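Asker: Starting off with a structure, shown below.
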Amino acid sequence: MEKEKRLPLRPIALSLATAMGVYLALLTLAAYLTVSGRLDEARVGQTVWSCACLAAFGGAMMASRGKRGAVLPLLGAAAFWVCVSLVGLLASDVPDLNGMLKLLTASAFGGLLAVGLVRQRKGKRAKRHKTHRSRR
């Protein structure tokens, strides 16, 4: 009988907590810069989506820590998107589906960027042995 592979929940939960913490910190910084007048109000939307992309990237990298699979970073980014979308739907009166799609795009970009970096990393390099030089 084959053993079923179970989905590891601990890395995904750690990824979600990391992504949400980074997202909250970056949004707080963006709000401070907007209120203080250093960030133009016309660029707030772009700033929010870049914050979401960076948060999804950080969470996906945390999920892939110590593992080389491509599934965990994408699941971490997907968990981030689901959590932020649900909070947005529950907190607002009118659901913003366009905003959810932009958030999905930013999360997917961050997750795919993390997958690309994880797949690019090589294993430990083999030790190079010194060549024996003949003495004259």
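The values are calculated or read from the model by the stated rules, or taken from the named source; none is laboratory data. All values reported here derive from a predicted model rather than from experimental measurement. FYI the Cβ positions are ideal-geometry reconstructions off the backbone, even for glycines, and counts take in every protein chain you see. Side chains are part of the model used for accessible areas, which takes the heavy atoms of the whole protein and leaves out ligands, DNA and RNA. Shrake-Rupley method; radii C 1.70, N 1.55, O 1.52, S 1.80 Å.
Asker: Against the conditions (1) without any contact (Cβ under 8 Å) to a residue 60 or more places away in the chain; (2) open to solvent by less than 40 Å² (accessible area, probe 1.4 Å); (3) assigned to a helix (DSSP H, G or I), where does Phe109 fall short? Just the number, please.
Answerer: Just one mismatch for Phe109, condition (2).
Conditions (1) assigned to a helix (DSSP H, G or I); (2) small (Gly, Ala, Ser); (3) touching a helix residue (DSSP H, G or I) at 6+ places or on another chain (Cβ under 9 Å), marked per residue:
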residue: Pro11; (1), (2), (3): yes, no, yes
residue: Tyr23; (1), (2), (3): yes, no, yes
residue: Gly37; (1), (2), (3): no, yes, no
residue: Ala42; (1), (2), (3): yes, yes, no
residue: Gly58; (1), (2), (3): yes, yes, yes
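Asker: Can you tell me which residue among Leu75, Leu86, Leu54 is open to solvent by 70 Å² or more (accessible area, probe 1.4 Å) and farther than 14 Å from Val22 by Cβ? If you could, list the steps in order and put the result at the bottom.
Answerer: Working: Leu75 fails: open to solvent by 70 Å² or more (accessible area, probe 1.4 Å); Leu54 fails: farther than 14 Å from Val22 by Cβ.
The unique qualifying residue is Leu86.
Asker: Related question: Answer yes or no as to whether Ala63 is under 8 Å from the mean Cα position of the chain (by Cα) and open to solvent by less than 20 Å² (accessible area, probe 1.4 Å).
Answerer: Numbers: under 8 Å from the mean Cα position of the chain (by Cα): no; open to solvent by less than 20 Å² (accessible area, probe 1.4 Å): yes.
The answer is no for Ala63.
Asker: Taking Leu90, is it in a helix (DSSP H, G or I) and within 25 Å of Leu117 (Cβ to Cβ)? Steps first, please.
Answerer: Numbers: in a helix (DSSP H, G or I): yes; within 25 Å of Leu117 (Cβ to Cβ): no.
For Leu90, the condition - in a helix (DSSP H, G or I) and within 25 Å of Leu117 (Cβ to Cβ) - is not met.
Asker: Sticking with this structure for a sec: Based on this model, can you work out whether Leu14 counts as under 18 Å from the mean Cα position of the chain (by Cα), of a type in the set (A, V, I, L, M, F, W, C) and open to solvent by less than 60 Å² (accessible area, probe 1.4 Å)?
Answerer: Working: under 18 Å from the mean Cα position of the chain (by Cα): yes; of a type in the set (A, V, I, L, M, F, W, C): yes; open to solvent by less than 60 Å² (accessible area, probe 1.4 Å): no.
Here the answer is no, as Leu14 does not meet what is asked.
Asker: Now for a different question. Scan segment 23-45 for residues that are open to solvent by 50 Å² or more (accessible area, probe 1.4 Å) and under 23 Å from Leu117 (Cβ atoms) and report the count.
Answerer: 1
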